[in-house]
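The values are calculated or read from the model by the stated rules, or taken from the named source; none is laboratory data. Please read these numbers as outputs of a predicted model, since none were measured by experiment. Methodologically, a virtual Cβ is constructed for each residue, glycine included, from the backbone with ideal geometry; neighbour enumeration extends over all protein chains shown.
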Amino acid sequence: MELKIGLVKGDGIGPEIVDCAVKVLNKALDNSGHYAVYEELCAGGTAIDKYDVPLPAVTVEKALKCDSILLGAVGGPKWDTLPGHLRPERALLGLRKELGLYANIRPVKLFPALKDRCLLKDAAKIDIVIVRELTGGIYFGQRGRNQTEYGIEAYDTETYNEMEIERIGRVAFEYAMKRRKKVTSIDKANVLESSRLWREVMHNLSKQYPLVEYNDMLVDNAAMQLIRNPEQFDVIVASNMFGDILSDEASQLTGSIGMLPSASLGNTKRGLYEPIHGSAPDIAGKNLANPIATILSVSMMLSYSFDLDVIAKKIDTAVEKTLRNRYLTKDIGGDLTTDQITEKILEYL
Ligand code: IPM
Ligand code: MG
């Protein structure tokens, strides 16, 4: 099979880590009867420099013709002073929306080899999946500014409808059925009306999954529970904003934000795969970035978009062996460069 993959290398460390992930993907596909063809898609800061917009229409057009998309990271200080609608991050939000990728899957797993990097003293088994709603909520609600007698006021709105809540809930429950059968839904129902609807819909949906243990948790409590007793979580389902915040927090349970991959999925097989971290401009071009989150994103792509689970597993195993043998980048306590750790993963493959 030919795998047509769009590459949004992006900004900062984006190009370096995507290049590593592509090497790993090509190697993993060797002799499998499958091969990847790549199309580079311009988005983010690079697109602003070239086309004056973060997400040119041609990028969306081309993305829709790919089987799947791998994205590095977008953004950087150079574009930080641009108005909101022209910031590089708009590219990411636009791609998610245009491709209908409403479900963001973020597995949070502590590799046994990195136990000493986990913030918690005696973390036994951390294996959580955060299912984050990705095309609604405050990220996409009404926003603006008004002049008032107290100066300028600014607002953003959190809006969710039943359809959006139910469809992300369903992703979470289906996921839980394949795992430890537990769903924790995150909200702020003691304050927010949108959260009260979220909770109602999740409760009703949970009745369709009698085998799944369901509970809801206020987001502030969840932030605490994640570092107090992370083993209690199996699948966490959260709004766009709460999922964004909790997934960064959870990444620290795995040792480094450089370890967490993600898949953004919709109703088709076409997904967008990216590390959860940003463009890390401070280390860009220095061969220091940890490429593992992006490499693991490729593994997720193989499973979800192409049903090539066996090949995906090979990548996961190669990463695991690399870590177990203490080949580590700086963020996880070693001194290997981006290229060196990639070489090791390729060797184990
Ligand atoms: C993420 C990032 C993005 C988000 C930013 C870069 C817009 O933090 O993917 O978690 O908030 O979704
Ligand atoms: Mg984030």
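When you go through (1) over 20 Å from VAL171 (Cα atoms); (2) surrounded by fewer than 19 Cβ atoms within 10 Å (Cβ to Cβ) one by one for ASP127, which number turns out not to apply? ASP127 satisfies every listed condition except (1).
Taking segment 240-259, which residues are modelled with pLDDT of 95 or more, within 10 Å of ligand 1 (Cβ to nearest atom) and touching a helix residue (DSSP H, G or I) at 6+ places or on another chain (Cβ under 7 Å)? Correct list: ASN240, MET241. Look at ALA284 and say whether it is modelled with pLDDT of 95 or more, away from ligand 2 (no atom under 16 Å from the Cβ) and among the small types (Gly, Ala, Ser). So ALA284 passes the test. When segment 100-123 is filtered for residues that are part of a loop (DSSP other than H, G, I, E, B), touching a helix residue (DSSP H, G or I) at 6+ places or on another chain (Cβ under 9 Å) and closer than 20 Å to GLY333 by Cα, the ones remaining, listed by number, are LEU110, PHE111, CYS118, LEU119, LEU120, ALA123.
Filter segment 90-117 down to residues that are of a type in the set (D, E, K, R) and crowded, with 17+ Cβ neighbours inside 10 Å and give me whichever is nearest to ligand 2 (Cβ to nearest atom). Lay out the reasoning, then the answer.
From segment 90-117, those of a type in the set (D, E, K, R) are 90, 96-98, 106, 109, 115-117; that's our starting set.
Then keep just the ones that are crowded, with 17+ Cβ neighbours inside 10 Å; that gives 90, 96-97, 106, 109, 117.
Values: ARG90: 15, ARG96: 12, LYS97: 16, ARG106: 9, LYS109: 18, ARG117: 20 Å.
Only one residue tops the list, namely ARG106.
Can you find a residue that is surrounded by 20 or more Cβ atoms within 10 Å (Cβ to Cβ) and β-branched (Val, Ile, Thr) anywhere in segment 68-80? The answer is yes; a qualifying residue exists. Could you look through segment 233-281, keep only residues that are of a type in the set (Ser, Thr, Tyr) and away from ligand 2 (no atom under 14 Å from the Cβ), and pick out the one that is surrounded by the fewest Cβ atoms within 10 Å (Cβ to Cβ)? Applying the filter and picking the extreme gives THR268.
Residues that are within 24 Å of the chain's Cα centre (by Cα) and surrounded by 21 or more Cβ atoms within 10 Å (Cβ to Cβ) within segment 195-213 comprise SER195, TRP198, MET202, listed in sequence order. Remark: VAL74 falls outside the filter, which requires a residue to be β-branched (Val, Ile, Thr), within 16 Å of ligand 1 (Cβ to nearest atom) and outside the structural domain of GLY285 (by TED's automatic domain parsing).
Condition check: assigned by TED's automatic domain parsing to the domain that holds GLY285, closer than 13 Å to LEU92 by Cβ, assigned to a helix (DSSP H, G or I) and at pLDDT 95 or above. Does ALA28 satisfy that?
On the way: assigned by TED's automatic domain parsing to the domain that holds GLY285: yes; closer than 13 Å to LEU92 by Cβ: no; assigned to a helix (DSSP H, G or I): yes; at pLDDT 95 or above: yes.
When the stated conditions are applied, ALA28 does not pass them.
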